[in-house]
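Only the coordinates and a few stated rules stand behind these numbers; no lab work does. Worth saying up front: this structure is predicted, and the values here are computed from it rather than measured. FYI the Cβ positions are ideal-geometry reconstructions off the backbone, even for glycines, and counts take in every protein chain you see.
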Amino acid sequence: QVQLVESGGGLVQAGGSLRLSCAASGSIFGIMGWYRQPPGEQRELVAFIRNGGTANYADSVKGRFIISRDNAKNTVYLQMNSLKPEDTAVYYCNVRDVRWGDHWGQGTQVTVSS
């Protein structure tokens, strides 16, 4: 079983930046990523990163968000720049470990004001 603890959400003005962190309770062999769920909408993929460091992004965040991971700290980060009101959502950390399966964080609110 893997526990995920997220931090870094909050309220920011449009154009600002936030950095989300997600710390896992143990080492992760697999994909770490971020999803988000805007109000009244379905959860959607934001970005994910593999053990080796290669990453993929949703088209809506390419060029603005950067995902990274520190395998020594079992932590994944999401640096969010040039934030827009449409980025407002609950952001969820996700881990897909080859041993422990699929796990989710508790979610952290990101609100971008116009």
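Numbers at a glance
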read-out	value
Rounded to whole Hz, the Karplus (6.51, -1.76, 1.60) HN-Hα couplings of region 80-95, x for glycine and proline	10, 10, 6, 5, 10, x, 6, 7, 4, 4, 8, 9, 10, 7, 9, 10
Length released on extending from SER27 to LEU11, taking residue separation times 0.36 nm less the Cα-Cα span	2.7 nm
Burial order of peptide ranges 49-60, 102-113 (average beta-carbon count within 10 Å, highest first)	102-113, 49-60
Average projection area in nm² (convex hull over Cα atoms of the chain, one quarter of hull surface)	6.5 nm²
Cα-projected label distance for VAL98 with SER60, points at 7 Å along beta-carbon direction, nm	3.2 nm
